[in-house]
Amino acid sequence: MNPIRFATPPRHEAAEALRHDVRAFLHDRLAHVPPIRRADSWTGVDKDFTRAMGARGWLGMTWPRCYGGHERSAFERYVVMEETLAAGAPVGAHWIGDRQSGPTLLKFGTEAQRRAVLPRIAAGQAMFCIGMSEPDSGSDLAATRTSARRTAQGWRINGTKVWTTGAHQSDYMILFCRTSGTPADRHAGTSQLLIDLHATPGIAIRPIIDLAGQHHFNEVHFDDALAPLDALIGQEGDGWNQVMSELAFERSGPERFLSSMQLIVELIAVLGKGHGDLTRAAIGRLSAHLIILRRRSRGVAAMLDAGENPALHAAIVKDLGAVFEQSVPDIARGLIDAEPDLAARADYNAVLAKIVMNAPSWSLRGGTREILRGIIARGLGVRG
Amino acid sequence: MSDAAMVLGTADRLMADQCDDATVRSARRGAWPASLWNAIAQMGLPLALVPEGSGGFGLDPVDAFALARLAGRHALPLPLGETMAANQALALAGLPLAEGPAAFIPVESGLVLRDGRITGTADRVPWGATVGTLVVEYLLGGARHVARLDSGWRVAESGTNIAHMPRDRLSIDAAITATAPAQGHPLYLMGAGLRVLQIAGALDQVLDLSIAHVSDRKQFGRALATFQAIQHELARMAGEAAAAGAAAGLAAEALAEAAGDPMLSVAAARIRSAEAASVATGVAQQLHGAIGFTQEHRLHWYTSALWSWRDEYGGPHHWTQCLGAAALAVGRDGFWPFVVAA
Ligand SMILES: Cc1cc2nc3c(=O)[nH]c(=O)nc-3n(C[C@H](O)[C@H](O)[C@H](O)COP(=O)(O)OP(=O)(O)OC[C@H]3O[C@@H](n4cnc5c(N)ncnc54)[C@H](O)[C@@H]3O)c2cc1C
């Protein structure tokens with residue numbers, strides 16, 4: 001039988017109780033945030049907001065207490081993630097650390113790294129970025145060139161990372177690089193390093209402005225940058241496997257289908273009460289997709305919680321999530337005539353503009369549609 | 001292994017063995033597959049949704065619905081889900097269970113009770129010409145009631161869906177002996193939910209057949225599966241099959257819950273699974289090439305069933321109207337809580 005069964009998401013009473021608190025907090029906290037800023041969601045950075053989340057115990061929720069975590073269930077954490085995203089909260093200052101970098105350190109980091117960094121992520125005081133992509137290594141991550149050579153003074157790093165979201169605001173980067181051999185060796189000889197962006201000499205961060213005129217991602221140049229030897233995460237040479245295990249966390253969360261949520265709710269606001277068949281049909285269909293995507297994403301959360309490896313399932317959620325998110329602007333355009341305009345006074349037109357211009361990135365970041373479909377095909381057993 | 005896993009495993013094997021080529025083809029020509037029904041009935045499957053105290057065997061309702069998914073997986077040419085739901089309605093109303101295959105007629109058919117007789121016409125009743133028991137839902141003083149009929153109808157017109165499963169028009173004029181207020185969910189919702197489960201099962205099968213086909217079939221000197229375009233289409237189909245699977249889980253859970261209104265969950269499941277059926281059957285037929293467009297190959301047992309089931313008990317128009325109206329009614333701030341509650 002084909003292997004695409006998803007786990008059944010359990011009903012979790014503690015998580016549902018928590019949902020109430022999170023909603024109340026967000027209601028207060030976001031009362032004056034305009035819809036166009038909510039539409040930024042996980043690219044919106046507000047360090048005060050992130051510290052407030054940390055103060056409530058809503059970051060590092062599943063981690064052990066000794067590392068500043070709260071030992072809560074994956075389902076409670078899921079509730080916090082989906083509620084903050086659905087509300088359009090500015091989660092960018094903690095999203096990567098909480099979702100990806102923290103779990104990587106927890107799994108592979110040294111005891112000293114865990115003690116030094118994890119409590120700060122959980123408190124909302126350390127922001128992370130991911131240094132994987134390079135000018136000549138996008139989908140083909142194993143072609144990475146950035147090198148770190150072991151020297152008496154520490155790791156000597158040379159190379160360039162690109163598209164590094166939030167590097168200019170971050171405290172740390174988890175750097176994927178080559179610690180031995182050449183790019184021709186592919187997966188072998190790659191490692192991950194924990195880079196302190198404030199304390200590492202030889203790093204230059206330059207903005208890349210995206211097509212919507214926003215500054216989220218960056219070029220990060222390493223020019224004989226020097227990091228201490230204990231910056232190594234996990235095993236030297238095991239970087240590829242470590243990164244692959246990280247990606248299941250990156251690919252299945254609610255951020256993979258809620259990116260256009262603010263357009264949906266603004267659309268519903270504009271449609272109001274007077275509507276015909278066509279409108280009901282479109283909104284009914286959007287709702288059904290959202291409900292089913294959410295169920296699958298929670299199914300992956302249940303599988304992660306049970307210690308399974310749902311890499312295939314996560315890829316399915318991300319692929320269909322992106323297709324869904326990207327379909328929303330055209331559906332909205334079919335229902336309401338409005339010119340997209342970032343500066344519009346009308347919330348709907350402004351949010352439409354924001355979503356239209358950000359949508360192309362959703363099937364690129366975190367693994368492109370084509371790469372995901374390749375992973376799914378491999379999971380189905382039709383690709384060597 | 002749990003009891004439920006054992007029941008499901010046994011049922012899966014039984015259906016796989018007995019829905020063989022000869023049986024399915026003769027059923028599609030209109031014969032009633034009596035020995036297949038007997039095997040299913042001997043396992044007690046028609047009672048799977050009946051509570052233990054009323055003659056059932058204590059299967060969790062969610063697992064019982066999984067039987068309907070298996071029926072879909074094997075394109076079972078029998079009214080198994082229908083009989084399960086009919087028996088559940090009877091049991092919950094405190095009426096005697098059906099002896100053999102049964103059909104249920106939802107209140108939407110508009111049958112009326114007058115002078116102790118149920119009368120009216122019911123369209124497209126699954127295996128209407130074969131079933132021995134009808135469970136009729138009707139309104140009495142504004143409340144749903146169910147009646148159990150063993151006779152008092154005739155086949156006004158026989159027909160099938162495009163998968164050659166009987167869908168008959170019955171003309172009913174029956175004196176009722178056994179009737180009681182309905183206790184379960186509305187039968188139309190049960191019908192809609194069963195189709196969601198069957199769609200998910202059939203899509204599991206269609207995906208398996210497609211994987212097998214592109215792995216075997218060679219063109220340009222290599223298996224079709226080695227072409228990236230083919231792999232990506234299979235991945236797309238897998239995503240749709242997974243969506244239908246999630247829809248099946250949602251519908252089963254909502255209908256298994258005795259309290260609460262399952263309507264919006266069923267609506268969402270119905271809309272999404274119907275769309276999955278459309279996309280995935282398109283891909284499957286394409287990947288199979290011309291051989292998939294024949295009666296020789298069994299792909300069409302499943303795709304034609306999917307093309308039928310996606311429109312039975314309300315098509316996308318009906319269900320999107322229903323879910324869309326509810327979503328629009330809660331408005332901007334209510335929308336996310338609405339999504340979470342489904
Ligand atoms: C908004 C945004 C934020 C990002 N943030 C980060 C970040 O923080 N850190 C980081 O490291 N990276 C980040 N990325 C980079 C992202 O991971 C890459 O864009 C992605 O991996 C694709 O690489 P590429 O852009 O070089 O495209 P390419 O790999 O050049 O791909 C171009 C096109 O070719 C297709 N393609 C490539 N290979 C194949 C193949 N084998 N078969 C079929 N099709 C193929 C791709 O699917 C794509 O459609 C971000 C990207 C975006 C858009």
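The values are calculated or read from the model by the stated rules, or taken from the named source; none is laboratory data. These numbers were taken from a predicted model, which means no experiment stands behind them. Positions of Cβ are generated from backbone atoms using ideal geometry, with glycine treated the same way; all protein chains shown enter the neighbour counts. For the accessible areas, the whole protein counts, side chains as well, though only heavy atoms, and no ligand, DNA or RNA atoms are used. Shrake-Rupley method; radii C 1.70, N 1.55, O 1.52, S 1.80 Å.
The set of residues in region A:138-196 that are away from the ligand (no atom under 14 Å from the Cβ), assigned to a strand (DSSP E or B) and β-branched (Val, Ile, Thr) contains only A:Ile157. Please go through region B:318-342 and give me each residue that is facing another protein chain (nearest Cβ under 7 Å) and open to solvent by 60 Å² or more (accessible area, probe 1.4 Å), ordered by number. B:Arg332, the sole residue that qualifies. When the residues of region B:137-195 are filtered to those that are open to solvent by 30 Å² or more (accessible area, probe 1.4 Å) and among the acidic types (Asp, Glu), the one that is nearest to B:Met84 (Cα to Cα) is B:Asp150. Pairs meeting the criteria (first residue in region A:17-39 and at pLDDT below 95 and surrounded by fewer than 17 Cβ atoms within 10 Å (Cβ to Cβ), second residue in a helix (DSSP H, G or I) and aliphatic (A, V, I, L, M), beta carbons under 9 Å, at least 6 apart or on different chains) are lacking. Total residues in region B:83-114 satisfying the condition of being part of a strand (DSSP E or B) and surrounded by fewer than 21 Cβ atoms within 10 Å (Cβ to Cβ): the figure is 3. For region B:214-233, a residue qualifies if it is within 18 Å of A:Ile371 (Cβ to Cβ) and more than 9 Å from every other protein chain (Cβ to nearest Cβ), and the qualifying residues are B:Phe227, B:Ala229.
Scanning region B:53-62 turns up one or more residues that are part of a helix (DSSP H, G or I) and either touching a Phe, Trp or Tyr at 6+ places or on another chain (Cβ under 6 Å) or closer than 29 Å to B:Ala244 by Cα (or both).
Within region A:366-384, if we keep just the residues that are more than 26 Å from the chain's Cα centre (by Cα) and small (Gly, Ala, Ser), the residue that is nearest to the ligand (Cβ to nearest atom) turns out to be A:Gly384. Of the residues contained in region B:197-213, none is found to be open to solvent by 10 Å² or more (accessible area, probe 1.4 Å), more than 8 Å from chain A (Cβ to nearest Cβ) and outside any helix (DSSP H, G or I). Within region A:177-188, being within 17 Å of A:Ser245 (Cα to Cα) and either surrounded by fewer than 18 Cβ atoms within 10 Å (Cβ to Cβ) or at pLDDT below 95 (or both) holds for A:His187, A:Ala188. Pick from region A:323-365 the residues that are within 27 Å of B:Ala276 (Cα to Cα) and in a loop (DSSP other than H, G, I, E, B): which of them is farthest from the ligand (Cβ to nearest atom)? My answer is A:Ile336. Scanning region B:280-317 for residues that are within 14 Å of another protein chain (Cβ to nearest Cβ) and either surrounded by 18 or more Cβ atoms within 10 Å (Cβ to Cβ) or closer than 28 Å to B:Ala22 by Cα (or both) yields B:Ala280, B:Val283, B:Ala284, B:Leu287, B:Tyr302, B:Arg310, B:Gly314, B:Pro316. Taking every residue in region B:64-80 that is within 13 Å of B:Ala41 (Cβ to Cβ) and pairing it with any residue that is open to solvent by 10 Å² or more (accessible area, probe 1.4 Å) and part of a helix (DSSP H, G or I), at least 6 positions away or on another chain, the pairs with Cβ-Cβ distances below 6 Å are B:Leu78/B:Trp37. Can you say whether B:Arg222 is buried (at least 22 other Cβ atoms within 10 Å of the Cβ) and among the basic types (Lys, Arg), as far as the supplied structure shows? No: the conditions fail for B:Arg222. Write out, first by first residue and then by second, each pair whose Cβ atoms fall under 6 Å of each other, whose residues are 6+ apart or on separate chains, and whose first residue, in region A:84-105, is more than 14 Å from A:Ala123 (Cα to Cα) while the second is crowded, with 24+ Cβ neighbours inside 10 Å and charged (D, E, K, R). Once the first residue is more than 14 Å from A:Ala123 (Cα to Cα) and sits in region A:84-105, its partners that are crowded, with 24+ Cβ neighbours inside 10 Å and charged (D, E, K, R) give A:Leu85/A:Glu255.
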